[in-house]
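Here's the structure, in structure tokens; my notes come after.
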Amino acid sequence: MKNIPENVENYLGTFSKKFDKNLVKLLPKSQQFSSKLFDAMYYVIRVGGKRLRPVFLMEISEILGVAKTYSFRTAASIEFIHCYSLVHDDLPAMDDDDLRRGSPTCHKKYDDATAILVGDAFQSLAFEILADEKTHPNPEIRCSLINELAKSSGSAGMVGGQMLDLEAEKKKLNLEEILNLQRLKTGELFRFSCLASCILSDKSDEIPIFMDFASKLGLAFQIKDDLLDVEGDEKEIGKKTKKDLGRGKETLISLLGKNNAKKKSEDLIFDAIKLLKPYGKKAEKLIDLTNFIISRKK
Ligand code: GRG
């Protein structure tokens with residue numbers, strides 16, 4: 001395994017340490033606004049996370065020959081959107097969670113209003129980063145990134161998926177409806193991670209391959225997330241488990257059964273990796289990360 005110290009988990013640990021150090025530098029300076037808001041934004045970043053969307057974006061970008069500064073800034077924008085979604089998702093009006101990434105959720109540590117504003121500020125910051133010419137000198141590329149991130153995270157993307165998820169508490173969904181919900185809520189941000197690398201490299205020929213890769217990756221990630229919710233260790237995962245079960249919500253596990261769901265996730269990862277074969281040795285790290293999506297314990 002070239003360039004991967006010991007195993008993927010170690011590699012991800014090293015990646016996220018370096019990534020977070022630079023991510024913090026993109027936060028606006030606290031002297032310019034409320035220090036409480038800054039502290040809460042900093043808190044959310046500091047409690048960590050696996051940084052999966054950034055690592056996929058940066059690895060695919062490396063394969064496609066994108067400069068690291070460009071891929072890092074774009075990866076930062078997707079992580080800020082992801083962080084905003086988690087902070088808002090944890091609020092009492094949504095999932096009402098006390099624990100995230102093993103630490104008190106933002107609204108528990110601060111308060112609901114601050115958590116709402118943290119999410120809002122992260123969202124604005126993500127687009128501010130993409131609009132800056134440091135992200136790419138070509139304005140058409142920057143515009144395309146902004147457009148795609150808006151679509152992935154908005155009403156026809158993550159926010160739309162979250163709305164369907166909230167509505168799912170009151171009605172039973174069938175498999176097709178669940179797949180659509182998950183594609184929007186979770187899959188869309190993974191789609192952006194893979195698409196953004198193609199946009200940054202200006203290699204539109206690669207888009208169909210990486211869009212196919214992203215849809216398989218996103219669904220496999222979601223199945224694993226559902227499996228962890230059913231059988232994962234609360235302490236290790238760092239958040240409350242068995243929530244969907246408790247609310248009587250249909251999931252891919254309840255509809256497919258645990259074994260079929262597991263098999264489905266393995267098949268998806270197998271097929272996703274097959275798509276990377278043409279990239280040869282250059283894709284070794286990406287293949288390891290793709291396998292990690294279903295081997296992870298949190
Ligand atoms: C509130 C607009 C809005 C959207 C919320 C992301 C989301 C939509 C809800 C989170 C609930 C959830 C558990 C979704 C399943 C997939 C998911 C996003 C899991 C968390 O992602 P990880 O495992 O988290 O990458 P870390 O903490 O590692 O960053």
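The values are calculated or read from the model by the stated rules, or taken from the named source; none is laboratory data. Predicted model only: the values in this text are computed from it and were never measured. Positions of Cβ are backbone-derived with ideal geometry, glycine not excepted, and every protein chain shown enters the neighbour counts. These accessible areas exclude ligands, DNA and RNA; they are computed on the full protein's heavy atoms, side chains included. Shrake-Rupley method; radii C 1.70, N 1.55, O 1.52, S 1.80 Å.
Contact order, relative form, for the chain: 20 percent (alpha carbon pairs under 8 Å, 6 or more residues apart, mean separation divided by residue count). Each of GLU9 and LEU166 was given a label point 7 Å from its Cα along the Cα-to-Cβ line. The distance between the two points is 3.6 nm. For the chain, the solvent-accessible area with a 1.4 angstrom probe is 47 square angstrom per residue. Carbon-plus-sulfur fraction of the accessible area of the chain, 1.4 Å probe, in percent? Carbon-and-sulfur percentage of accessible area, whole number: 53. For the peptides 187-195, 20-28, the ranking by packing is 187-195, 20-28, with the highest mean count of neighbouring Cβ atoms within 10 Å listed first.
Of all complete DSSP H helices in the chain, those with a Cα span along the helix axis of 27 Å or greater and a mean Kyte-Doolittle hydropathy of 0.5 or more are 112-131, 207-231.
Inter-label distance, ASP120 to MET94: 1.5 nm, where each label sits 7 Å from its Cα along the C-beta direction. In this structure, the amide hydrogen of THR251, modeled 1.01 Å from its nitrogen in the peptide plane, lies closer than 5 angstrom to no residue at least 5 positions away or on a different chain. In a reduced charge model with +1 at each Lys and Arg Cβ and -1 at each Asp and Glu Cβ, the stretch 4-295 shows a dipole moment near 520 debye about its Cα centre. Helices in the chain, meaning DSSP H runs of at least 4 residues, each add -39500 (n - 2.57). Divided by all residues, the mean residue ellipticity at 222 nm is -21500 deg cm²/dmol. Each listed q (0.10 Å⁻¹) maps to a log10 I(q)/I(0) for the stretch 4-295, found by the Debye formula over equal Cα scatterers with no solvent: -0.52.
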